[in-house]
Structure formats: structure tokens, C-alpha cells
Amino acid sequence: MKETTYLYMDGSGVVGPISETEVQALFTEGRLNRDSIVCSAEDHRWKKLEEFPTIAGVQKSAKSRGVYIILGIFFGLLGIHNFYAGHYRRGVWELIVTLLLGFTVIVPIGVAIWAVIELITIKTDGEGGLMSL
């Protein structure tokens with residue numbers, strides 16, 4: 001079976017054709033991102049890289065941003081929303097800070113502000129996949 005080849009646009013114009021493996025490598029290196037404009041060399045329909053479900057590692061996340069937000073509202077001080085999304089390090093820090101310093105007044109307020117900022121700004125899971133609504 002022949003591997004699909006792709007074209008992509010960069011600052012100087014159209015590049016390719018390149019293999020799916022090369023697309024994945026460019027994505028991993030950061031030279032392409034989910035919003036990069038790409039087309040299959042066979043059908044020539046240009047679309048965002050994230051819209052190609054066959055390219056591993058660039059699809060949308062199976063995680064729901066709605067669930068992330070709800071968990072953050074109810075359990076934000078404990079970092080549960082970050083554990084759900086795969087941001088384990090952030091979740092552990094929120095949990096430790098809350099458990100060790102939660103008896104003070106200022107620290108829970110600071111962690112709550114931290115959680116609200118995360119709910120507004122975080123749109124990807126721990127693996128970099130775009131969370132769906």
C-alpha cells in the first residue's frame with residue numbers, strides 16, 4: 001500500500017510532496033503545528049493539519065474542555081482538573097500547596113486565582129492535543 005504524501009505551506013510557498021512520517025517529524029520538531037495548512041497530494045483540499053485524522057499525534061484530544069472546566073470549578077484548589085487533562089505536574093503542585101498551606105487564608109485564594117487562570121488559558125491536554133468542547 002502506497003503511503004499518502006502531503007504538501008504544506010510555509011513562509012516561502014508550497015513545500016512537498018512529503019511523506020506522512022516526514023509530516024509527523026516536522027510536527028514533533030515544531031516546524032508544523034495543528035494550524036498549519038496542509039493538503040493530501042492526492043485530493044488537493046487544503047485544510048488545517050489537525051483535520052487529518054490519519055496523521056498520528058496531531059488529532060484533537062479525547063479530553064473534554066467542558067469536563068476540565070467543571071472539575072476546575074468544583075475541585076480547582078486540589079488540581080483535579082489538571083490530573084484529568086494530563087497536566088500531572090501542575091496538579092501535584094496545586095494539591096501540595098493546598099494541603100500544606102490551605103489553613104492560611106491567602107494561599108487558597110492564590111491557588112483559586114491560579115485555577116481560574118488555567119481554566120481560561122489552558123486549551124490542550126498534557127500531550128498537546130486540543131481539548132474538544
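With respect to THR124, is the statement that it is within 24 Å of ARG34 (Cβ to Cβ) and crowded, with 17+ Cβ neighbours inside 10 Å true?
yes
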**Item:** Single unsatisfied condition, ILE122 versus (1) under 30 Å from GLY30 (Cβ atoms); (2) at pLDDT 95 or above
**Value:** (2)
**Asked** Across the stretch 94-123, what is the total count of residues that are under 12 Å from GLY79 (Cα atoms) and small (Gly, Ala, Ser)?
**Response** 2
**Message:** With the requirement that a residue be in contact with a strand residue (DSSP E or B) (Cβ under 7 Å, 6 or more places away or on another chain) and either modelled with pLDDT of 85 or more or surrounded by 11 or more Cβ atoms within 10 Å (Cβ to Cβ) (or both), what does the stretch 21-46 give you?
**Reply:** VAL23, LEU32, ARG34, SER36, ILE37, VAL38, CYS39, SER40, ALA41, ARG45, TRP46
**Residue list for the stretch 1-20, filter: touching a helix residue (DSSP H, G or I) at 6+ places or on another chain (Cβ under 7 Å) and at pLDDT below 90** = GLU3, THR4
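The values are calculated or read from the model by the stated rules, or taken from the named source; none is laboratory data. Given the structure is predicted, the values throughout are model-derived calculations rather than measurements. We place every Cβ from the backbone using ideal geometry, glycine too, and count neighbours over all the protein chains shown.
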